[in-house]
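Asks: Quick one: structure below, then a few questions.
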Amino acid sequence: MLIPWNELRRTSNMGLGVYATRNIPKGTITFVRDPFDMVFQSYDLISAPFVLVQEVLKLSYREPSGEFVLSWDNGKYMNHSCEANTLTTSYGFEIAVHDIAKGEEITDDYGLLNLDEPFHCLCNKPRCRRLITEPSQEDLVTWEAQIAPILATARSVPQPLEDLITWDHLSM
Ligand SMILES: [Zn+2]
């Protein structure tokens, strides 16, 4: 489930995107996989009509297990940015890595989402990587280092998705 403080809008170059409807402080959990999300295995897609498979591949993300997860809410419209304001964690949720202002697009780094194949990025950010691929070991170390201190602050900000997470994960 994506944080409810969002709305869908058309972006200038990436189709639909999700935008914050109020300020979201750094440390806020912004997305949690929940029991209503739809889950597909590779074999589900092999036997499905192509038009359906195309949409699932476009809108779902992939777990390390290989499962495709399709969010039932606006989470499926969250765009990639090479300077994403939320990042995934190894705990099944995503977290704001800096303060997100009301009206700002909420973005994620797809490089951390078990990509099937690299893609060309359109984010136009100064630090755009252009071709988004699986992260290197070095990238993963940087990512963990960025996330750890933010996780430590998560208890001190309001968490609208609190009912969907296990705080034990955060007692580090
Ligand atoms: Zn980019």
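Bear in mind that the values in this text are calculations on the coordinates, not laboratory data. Note that the structure is a prediction, hence the values are computed from the model and not measured. Methodologically, a virtual Cβ is constructed for each residue, glycine included, from the backbone with ideal geometry; neighbour enumeration extends over all protein chains shown.
Asks: State all residues of region 81-97 that are in contact (Cβ under 8 Å) with a residue 60 or more places away in the chain and under 9 Å from the mean Cα position of the chain (by Cα); if no residue qualifies, say none.
Replies: Filtering region 81-97 down to residues in contact (Cβ under 8 Å) with a residue 60 or more places away in the chain leaves 87, 89, 91-97.
Result: L87, F93, E94, I95.
Asks: I'm checking my understanding of the structure. Among residues of region 118-163 that are within 16 Å of the ligand (Cβ to nearest atom) and of a type in the set (D, E), which one is nearest to G27 (Cα to Cα)?
Replies: D139
Asks: Oh, and also: Restricting to region 80-91, what's the tally of residues that are more than 10 Å from the ligand (Cβ to nearest atom) and surrounded by 16 or more Cβ atoms within 10 Å (Cβ to Cβ)?
Replies: Total satisfying the criteria: 6.
Asks: Scan region 42-63 residue by residue and report those that are out of contact with any Ser or Thr (no Cβ under 9 Å at 6 or more places or on another chain) and in a loop (DSSP other than H, G, I, E, B). Reasoning before the result, please.
Replies: First pass over region 42-63, keeping only residues out of contact with any Ser or Thr (no Cβ under 9 Å at 6 or more places or on another chain): 42-58, 62-63.
The answer is S47, A48, P49, E63.
Asks: Next up: Restricting the search to region 132-169, which residues are in a helix (DSSP H, G or I), of a type in the set (A, V, I, L, M) and free of Cβ contacts under 8 Å to residues at least 60 places away in the same chain?
Replies: Correct list: L140, V141, A145, A148, A152.
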